[in-house]
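For reference, the structure is listed below as structure tokens.
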Amino acid sequence: MAETKRKGTLAELIVLREAVQRGYRVAIPFGEDGPWDLVVERNGCLERVQCKYTVSDGRVVLVKCESTNNWMTKQYRSDQIEWIVVYDATSDRCYFVPSKLLGGGRSTILLRLEPPRNGQRARINWAEDFIDW
């Protein structure tokens, strides 16, 4: 199995475990050509979840909001999924990013683990704000 595929599979398993531990029901879609990896039933609603694997630098978690194969790159949109859940191997933690942050599509979202070195305070996504699902 290719390394990228292995990491993606690991992220899916970790997010699935997290959902089950939180008491949610999970469905696994058949095939790999949809924009979501899991369907999670929360509060009586079915929510489509895209799972991502990342290794942060300990300061910032990079959430990739797109999928790339040999031929093209597709950005996820808020009308395709309800969540991007990223597993950060550095912190061994999942972060739950609602699709409303995607709008019509974007390539990345940064989640801050530490304050920026330049002292910026406005328009920062603090990672701690994304640990609840």
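The DSSP beta bridges internal to region 1-104 are antiparallel in roughly 75% of cases. Oblate is the label for region 1-44. Its Cα gyration tensor axes, ordered a ≥ b ≥ c, give a/c of at least 1.5 and b/c at or above a/b.
In this rough spin-label picture, where each label sits 7 Å from Cα along the Cβ direction, the PHE30-LEU46 distance is 1.4 nm. Here r is the Cβ-Cβ distance between ARG59 and ASP79 and R0 is 35 Å; the resulting FRET efficiency, rounded to 0.05, is 0.65. Which shape class, rounded, prolate or oblate, goes with region 36-80 when its Cα gyration tensor gives a ≥ b ≥ c as root eigenvalues, a/c under 1.5 marks rounded, and past that a/b bigger than b/c marks prolate? Oblate, because a/c is 1.5 or more while a/b does not exceed b/c. Shown is the FRET efficiency for GLU66 and ILE131, computed with R0 = 22 Å from the Cβ-Cβ distance and rounded to the nearest 0.05: 0.45. Just check region 9-71 against the gyration tensor rule for me: Cα atoms, a ≥ b ≥ c as the square roots of the eigenvalues, rounded for a/c under 1.5, and otherwise prolate or oblate depending on whether a/b exceeds b/c. The shape class here is oblate. Taking the chain as a Gaussian network of alpha-carbon nodes connected by springs under 10 Å, the highest mean-square fluctuation of the residues GLY58, GLY104, GLY119 belongs to GLY119.
Dipole size of region 1-89 about its Cα centre, with +1 on Lys/Arg Cβ and -1 on Asp/Glu Cβ: approximately 140 debye, rounded to the nearest 20. Give a quick list of trypsin sites (Lys or Arg not before Pro) in region 1-104 that DSSP marks as loop, anything other than H, G, I, E or B, with at most 13 other Cβ atoms within 10 Å. Taking region 1-104 and a limit of 13 other Cβ atoms within 10 Å, the loop trypsin sites (Lys or Arg not before Pro) found are ARG22. Rounded to the nearest 10 degrees, the angle from helix 3-21 to the longest Cα principal axis of the chain is 80 degrees.
At most 12 other Cβ atoms within 10 Å and a DSSP loop assignment: could you name the chymotrypsin sites (Phe, Trp or Tyr not before Pro) in region 1-45 that fit? Here the chymotrypsin sites (Phe, Trp or Tyr not before Pro) that fit, given the DSSP loop and packing criteria, are PHE30. Rounded to the nearest 500, the helix-only mean residue ellipticity at 222 nm of the chain stands at -5000 deg cm²/dmol, with each DSSP H run of n ≥ 4 adding -39,500 (n - 2.57). Across region 108-119, coupling constants 3J(HN,Hα) worked out from phi with the 6.51/-1.76/1.60 Karplus curve, θ = phi - 60°, read 8, 10, 9, 10, 8, 8, 10, x, x, 5, 8, x Hz, and Gly and Pro carry x.
For the chain, the relative contact order is 20 percent, taking Cα pairs closer than 8 Å that sit 6 or more residues apart in sequence and dividing their mean separation by the residue count.
The distance from the alpha carbon centre of region 1-50 to that of region 73-97 is 11 Å, rounded to a whole number. Counted residue by residue at 0.36 nm each, then reduced by the alpha carbon distance between them, the extension gain from MET1 to LEU110 reaches 36.4 nm.
The amide H of TYR53, built 1.01 Å from its N in the peptide plane, has TYR87 as neighbours under 5 Å, considering only residues 5 or more places off or on other chains.
Taken together, the values in this text are just the output of simple stated rules run on the coordinates, not laboratory data. Treat the numbers as computed from the prediction; the structure is a model and nothing was measured. A quick note on method: Cβ atoms are made from the backbone with ideal geometry, for glycine too, and the neighbour counts reach across all protein chains shown.
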